[in-house]
Structure formats: C-alpha cells, structure tokens
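What follows is calculated from the coordinates using simple rules that are stated; it is not laboratory data. Here the structure is a predicted model, which is why all the values come from computation and not from measurement. Methodologically, a virtual Cβ is constructed for each residue, glycine included, from the backbone with ideal geometry; neighbour enumeration extends over all protein chains shown.
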Amino acid sequence: MKTMVNVALPKGRLGEKVYAMFAAAGFECPEIRSENRKLVFRNEAAGFSYFWVKPSDVAIYVERGAADIGVAGKDILLEYEPDVYELLDLKTGACRMAVAALKGFRDDPEKTLRVATKFPHIAEAFYAEKCRDIDVIHLNGSIELAPILGLSDVIVDIVESGRTLRENGLAVLEDIVPVSARLIANKAGFKFKSAEIEQIRRGLEEAVKA
Amino acid sequence: MDFEEEILKNDEKAIFELRALYRKYGYTQYKMSKFEEYELYARNKDFLVSDEIITFTDKNGRLLALKPDVTLSIIKNTSDVPGAVQKVYYNENVYRVSRSSHTYREIMQTGLECIGDIGAYERYEVLMLAAESLEKIGGRYVLDVSHMGVLSALFDESNVPAEAREKIIRCIGQKNLHDLAAVCRTYQMGKGILEKVSGLISLYGPLDSVIWKLRALSGGKAYHDALDETEEVCRMLESGGCTGSVRLDFSIVNDMNYYSGLVFRGYLEGIPSGVLSGGQYDLLMRKMRKKSGAIGFAVYLDALELLEGDNKAYDADTVLLYRDGELPDAVADAVRKLTGEGRSVLVEKRMPEHLRCRRLLRLRDGRIETVEDHG
C-alpha cells in the first residue's frame, strides 16, 4: 500500500489557490471540488489525503503530526512558532505585517505605546528589538477600529493593498515583515516519508516558478 | 514475576527494557531528589528545554525548584577523575511547561550520561545505546546524527557575524532554504556561505549516500575534522548492525554554547515529536568548571502512550454480577474459581455504564451463568 501523505489546507481563498497549485503539480484529488460536507478527501492510489482546516490551526495539525504537511501563512508561523520544517515559500497570499495608525499620528517615545493586534507575539518581538515599551491589546478582529476609537495608538496587522486602512483614515507607519504562504512539514513525519514529501515539494517548487 | 507483560503500559515497558540495556554496559543508576537549588538552573537557562521552572522556598529559606532537568544535577555531582569515565543512567520525573498546552507537566524521562575522558569508543557506545533504546521501545525508528563542529567550521571559514549566525541556525533547524537566502542577502554575505549552508540542509540521509557530497562542500581542516568524527561513529554503528536507521541530518542544531560536537535525535514512527535527544556537551562541562568531557541522551517517555499497544480492547476481562440475597461465600467461591482459571474478575451488582468487558457472567443461586462472551 502506498505511503499516505496527509495534507492540511487552510480553508478559504488562500486554500483554494494553494489546492490549485497542488493540482497543477500533479497532486489532484477531484473529489475535493464537489459540493459536499466531507472534511477529508483521500486519493489512495496517488498516496495523499487533504483536509480543510481553519488557517490558524494548520500549524497545530502539522506540529502534532495529524497532518504530515500543510500550508500556513508566515504570519501564523511567526506568531505561534510551531516546531516544524518550513520547506518552501509558495509565493502566494503575499501581503505584509505592518504598523499602522491614524494619518498624522506622531509617536511620543516618552509614553508607553498602546498597540492593538491579533499578533501579540510578533508585536512584542518587533518592539523589543527597538527597546520600545508597549502595552499590547490582544484583539481578535477588526483591528483597524482600535485607533479610530482611541483604544490604541497603533495597530500591528496584515496589510494587502492598504485599501481598508486608507478608507478608514489610517496609514502604514512601518513595515515589519513580508508574509506569504509557506509549505510546512512535521519533523518526525518527514523522517519516515521524506521521499514522498520531497516529491511534493519539488512539484510545488516547479508550480511556483511557472 | 506474577503478572503478564501486557498489563504494562508502553512507558513502563520501556523503563524496564532500557534499564536492563544500560546495566548490560555497566551503567549504574543515578537517583536524585525531586528538588534542586533553583540557582543551578538560573545559571544555565539556555541548556534547558524550557526556562519556566516551578520554584518554592523551603523551610530554611532557600529557593528550590522542582527539577526540569537531570543532566545538570549529574554534572554538578561528578568529580574530575583524569583518564576515567563515569557511566550513569537515570529514570526520573521532570517538571516542565508543555509547549502546546502552556501548563506545567510531570514528564517521565530516562537517559544516560557518560562523563570523563570521552573518545571515539565512548561516542560510539552512547550512540549505539541510543539506537538500541529506540529499537527496544519498538517499531520503526530513525536516529539522526549531526555535529555542531561542522556548522561552526563553516561559520568561522566565512567570518559570519554573530547576529547572522543565530538567524542562520534557525533557518537550518527549519530546513528553510528561502529564508536562509534572505538572511544572507540582508547581511550581504557571499554566495559561498549560502551554497555551503544550503548544501548542509539539503544533504541528509544514510552516511554513504551523503558523505562524499558533504566533504566536497568545503576544504577547511576544522570542517573535515568534524566530519571525520561523525563518519567514524556512523561507520562503527553500521558494523554493529544499525544500518539504514542511522542518518546524517544537519538540521539538528543544539545550542552552540553547550554543544561543540556530535548531536543526535531519535524518532519513532507514529510519534509526532522526537523521543530521544542527546549530544556531546563538553562546553557545558567547562561552564560548570569541570575539566572532562561528557556525552549522553534523554528519552521522553510520556510520548510513548501514542504508540500501538496502549489501546485496550476491553476495560475488564470478566464482570460477574450478583443479586442481593446471594450468599457472600458463594460470591467469593465463584471469584476464586474464575481467578484460578487465570481470568481477572470485576464483581458488581449492576453492570457499570460505559464499561467494555470480554465476558459478562451472572451468579444465580451459586451457579455461574454466561450472559455475553466476546471470546
């Protein structure tokens, strides 16, 4: 029986794009396209199975071996720092982590900076490197509201085109790090399935170059 | 011994098998208390897996810790005896924060340390015992071997700045070629070092399939000396019969402040994280003002319950039900008869909810009736 490689894909727009890359690389599972409530899609002959997972959970499935490989955004990887291999930059879902604030905001270094964010670990690491004292406000969504309502001075959040920020009177102050989708692998699973995982990595690398 | 092996859980079986294995090579057991002075760990925080330690003040006002590690205590209590080698094994509970649940856990850990005049034979013996430990625990295993001297030689050859070293080490640990290229660009390092480190990351596998390409990556003496030490121990393991499961993999990186030589990790199929971790930690010995070298490893037993063998088909073998009015002597007689047949028996008046048993019997007027039998 062929060795099965289990792949965790992020639910949503990014996941659709990523699945298309897998399919283009020859790792198709046609069943996944049909409308149904199934959670796991298996292609026994080709030796892999896919399942849709909440994007922020992909790294957990991979770290704990429930998935051998998965695709997660670099933002999630930087925030949670799972102990996994990061085998490839898929160069899709490209955006950046940035500091933003109301247009015209001026940072007073004598005050503690209030930072609202969905990524407290990234925010703390960024400001620690600058030795800047901050107060982290951990929010779960609509981060742009925080400086508008005076909850925070700045936000640390993902920025794509910047349109949401502009439409709400905010502007990017500083870029922190570029973000894109990454192929990750469970370290122990990699030891026993390295040939199969390398084959997938090479196939995706070709798809990225194309 | 009056019990069957199958009642032992995977971690219990491992403890006994490994104890027998280590004693076979003359290792004696090191036993220690649950508590150590907190200062020992505070001074060596980077050596620990996690620096979150449970502390408390004892009756004399000293700050103590529930031990997160055993190696540091063993080193603290060794004496430098030139030319000699001390060999100890241990089986102790350590207290650490779990990465995933962020709560403290008691973790059963076994392992050994070989302290003193460490040479090629001692390195081989410890790695051989690591491989045998994995084999005894059962199933397919992989023992990945690496050498910190290989990496530090490459760094020194190319004068890689200290800041960059940390970032490069993180990329190597993640087999992350793309971020490695970005780091080299940021620090304006030549193509040479990028090619060498990328080569190091990509060349992994059994010794013979990678050693020649590894040798070709650099010409430096320190680099080849480190590879010599690695090749020597791997060849000895091969002649000892550990073919196929021992591999070179330089993505194993341990803290360079403590490990300057061989480092290794063991994996068992079916367990998502490494179960064995070790290395030669001469630099830690120096830090603790000991003159000799040391090499050892730890086996994390709490992960073993994920292996096959710990799933029981039944919670109980035989359940014997009796009614009010049944003579207690008759119940006792029935139980003696059943246990005498080698069965385990749970006596109840009512079948417990959610209990799965192989056989369900009923005692009626002193006679045993079978209600269900799953064979």
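If one computes the Cα centroid of region B:256-326 and of region B:181-206, what distance in Å separates the two points? Each part's Cα centre sits 33 Å from the other's.
Enter the angle in degrees (range 0 to 90, nearest 10) between the Cα long axis of helix B:328-340 and the first principal axis of the Cα atoms of chain B, meaning the one along which they spread out most. The answer is roughly 50 degrees.
The alpha carbons of region A:1-93 give a radius of gyration and a Dmax of 12.7, 38 Å, in that order. Given the options A:Lys187, A:Lys111, A:Lys91, which has the most mean-square fluctuation in a GNM of chain A, springs set between C-alpha atoms less than 10 angstrom apart? Checking each option, the largest mean-square fluctuation is seen for A:Lys111.
Whole-percent P(r), region B:211-307, all Cα pairs, 5 Å bins from 0: 2, 10, 17, 21, 20, 16, 9, 4, 1, 0.
The charge dipole of the protein assembly as shown, taken about its Cα centre with unit charges on the Cβ atoms of Lys, Arg (+1), Asp and Glu (-1) only, comes to about 580 debye. Can you give the Rg/Rh ratio of chain B, where Rg is from the C-alpha atoms and Rh is the Kirkwood radius? Ratio of gyration radius to Kirkwood radius for chain B: 1.11. Here is the tail figure for region B:255-319: Cα pairs spaced more than 19 Å apart come to 52 percent of all pairs. Across region A:119-183, Cα pairs under 8 Å and at least six residues apart give a relative contact order of 24 percent.
Per residue, the average separation of C-alpha pairs within less than 8 Å and at least 6 apart gives region B:8-141 a relative contact order of 26 percent.
Among B:Ser146, B:Ser245, B:Ser158, which one moves the most in a GNM of chain B with springs linking Cα atoms closer than 10 Å? Of B:Ser146, B:Ser245, B:Ser158, the most mobile in the Gaussian network model is B:Ser158. Compute the acute angle (0 to 90°) between the alpha-carbon long axis of helix B:10-24 and the principal axis of greatest extent of the alpha-carbon atoms of chain B; round to the nearest 10°. Approximately 60 degrees, to the nearest ten.
For the protein assembly as shown, adding -39500 (n - 2.57) for each run of n ≥ 4 DSSP H residues and dividing by the number of residues yields -10000 deg cm²/dmol at 222 nm. Each listed q (0.06, 0.07 Å⁻¹) maps to a log10 I(q)/I(0) for the protein assembly as shown from the Debye sum over equal C-alpha point scatterers, namely -0.41, -0.56. For GluC sites (Glu not before Pro), the sites in region B:240-315 that DSSP calls loop and that have at most 10 other Cβ atoms within 10 Å are B:Glu308. Short to long, the 5 Å bins of the Cα pair-distance histogram for region A:54-210 hold 2, 9, 17, 18, 16, 12, 10, 8, 5, 3, 1, 0 percent of all pairs. Note on region B:226-375: Kirkwood radius taken over Cα pairs, Stokes-Einstein applied at 20 °C and 1.002 mPa s, translational D equal to 103 µm² s⁻¹. Using the alpha carbons alone, the radius of gyration of region B:73-121 stands to its Kirkwood radius in an Rg to Rh ratio of 1.16. Potential lengthening of the chain between B:Asp156 and B:Met32 amounts to 40.6 nm, from the contour at 0.36 nm per residue minus the alpha-carbon distance. Using only Cα atoms, find the angle between the long axis of helix A:13-24 and the longest principal axis of chain A, and express it within 0 to 90 degrees, rounded to the nearest 10. Relative to chain A, helix A:13-24 is tipped by roughly 30 degrees. Along its first, second and third principal axes, ordered by size, region B:158-217 spans 35, 21, 17 Å in Cα coordinates. Using only Cα atoms, what Kirkwood radius does region B:286-375 have, in angstroms? Roughly 16.7 Å, rounded to one decimal.
For region A:81-126 and region B:91-141, compute the distance between their C-alpha centroids and round to whole Å. First find each Cα centre; the distance between them is then 38 Å. Comparing mean-square fluctuations of B:Tyr187, B:Tyr90, B:Tyr223 from a GNM of chain B with C-alpha springs under 10 Å, the top value falls on B:Tyr187. When only Cα pairs below 8 angstrom with a gap of at least 6 residues are kept, chain B shows a relative contact order of 17 percent. Length gained on full extension, A:Phe105 to A:His138: 9.8 nm, using 0.36 nm per residue less the C-alpha separation.
When the Cα convex hull of region B:121-179 is projected onto planes of every orientation, the mean area is 6.0 nm².
With the simple spin-label model, which puts each label point 7 Å out from Cα in the Cβ direction, the B:Arg350 to B:Lys213 separation comes to 6.7 nm. Projecting the Cα atoms of B:Leu284, B:Ile201, B:Gly274 onto the charge dipole of region B:176-296, computed from C-beta unit charges around the Cα centre, puts B:Leu284 farthest toward the positive end. Treating r as the C-beta distance of B:Ala182 and B:Asp80 and R0 as 41 Å, the FRET efficiency rounds to 0.35.
Here the simple spin-label model places points 7 Å from the Cα toward Cβ, and for B:Glu195 and A:Glu124 these points are separated by 4.3 nm.
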